[in-house]
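Single-structure report; data block below.
Read-outs throughout are calculated quantities, based only on the coordinates presented, and are distinct from any laboratory measurement. Note that this is a predicted model, so its numbers are computed, not measured. Because the Cβ atoms are built from the backbone with ideal geometry, glycine has one as well, and the counts that use them run over all protein chains shown.
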Amino acid sequence: MASPILFSTRSEHFSIWIVLRSFLLTLATAYSSLFNRDFYTYNNIYLFSKYLKISILLFVSLNGPIFLTKLVIASLNYIGLVHINGAELMDQYEYFFKYYLNLSYFFLALYSFFDKDGEQLFMCQLRHQDELNGTHYSEHYSKLPSHRVEHESDWVSTYKSLYNFSREFRLFIRRYTNVYLLNMSMFISIHFFPEKISSTVLGFIAFQTFLDKLGTVFSCLFVAVLQMMDVHYTIRVLTTFYGTWNLAEDLLIPYFDRVQFTPLERKQWLKTRIGVVFGIGLFYYLAILEIPLISAVLYSNAIFNMGFLITTFTTEMPDNLKDMATWSITESVWDGHAKFLE
């Protein structure tokens, strides 16, 4: 088992300025897309209504049990069968499902693997940018093979085919499994271990999380500040970071589904763009977290706008598929941070 890293320098690809610039660019893109009349086609309006229905269904499915539990506790307290602090209990219950085990992001990303309309939204924005800038992103992208699978007779067979055929799906399952296990570890350490032990565990997790991004010195200072604050803030920081990064990778699924980098190239691609991609994910993570009633609408808007955002930190893939191997090597490393900040 590899030993934990204790010393590192600050990443030049992840800074508050890069993340903030990316966050504001995403905000401006989302805002402008709402007022662009070119996007108000019959098909897009139909998709909006479709994702609105999915949002409401998901919201009711995930929040219905919480509401019913509140109702049962209030009723039992009212008729005198039990005497418990229902408000405090439900606050803890809601907190657990909002921060430790928020399933909205998982189900939204899972659905995207079976939803061809999401890629159509991505392509719609990509074509629009090609028309504005005279580029050929959409044309070259559409020539690449898709690794999605058709729905089979039953969901189990579809899942097996997808897991065997799609590398992005396997990575998706692995990412969410790791994050939920980490969140459960933090929950257990806080609620079942002495305060000093849980504080040490959370501090170590936070240090390892930010070490390769902020460097040793700033990571130590950041963790020290968190240790002096209520544990709630450490949980918020860690769950937000990992939730944001998970969502950011989810939003890149349409791109990585066709542009098949090697595992090493993909890792390097993400590493050199971590600040930019994180800023995009952070905007939509917070939006979905705070407005869960329209979560699928926000997620579809994120996929749609990724068709523009992807052009700000990538280059066009070659027209000739034989040149993809050479292009993939050079594309995996990005040095456009200074231009991005202009």
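Each residue in M228, M306, M324 was given a count of other beta-carbon atoms within 10 angstrom of its own, and listing them fewest first yields M228, M324, M306.
For region 223-325, taking the reciprocal of the average inverse distance between every pair of different Cα atoms yields a Kirkwood hydrodynamic radius of 15.5 Å. Based on the convex hull around the alpha carbon atoms, the chain presents an average projected area of 21.5 nm². The order of L286, L108, L71, going from fewest to most other C-beta atoms within 10 Å of their C-beta, is L71, L286, L108.
Using a cutoff of 8 angstrom between alpha carbon atoms and counting only pairs six or more residues apart, the relative contact order for region 54-138 works out to 18 percent. Lysine pair count for the chain with Cα-Cα distance under 21 Å and sequence separation of 8 or more or different chains is 10. Counting other Cβ atoms within 10 Å as a rough exposure proxy, the listed residues C220, C124 run C220, C124 from fewest neighbours to most.
Here region 236-342 is treated with +1 on each Lys and Arg Cβ and -1 on each Asp and Glu Cβ, and its dipole about the Cα centre works out to around 260 debye.
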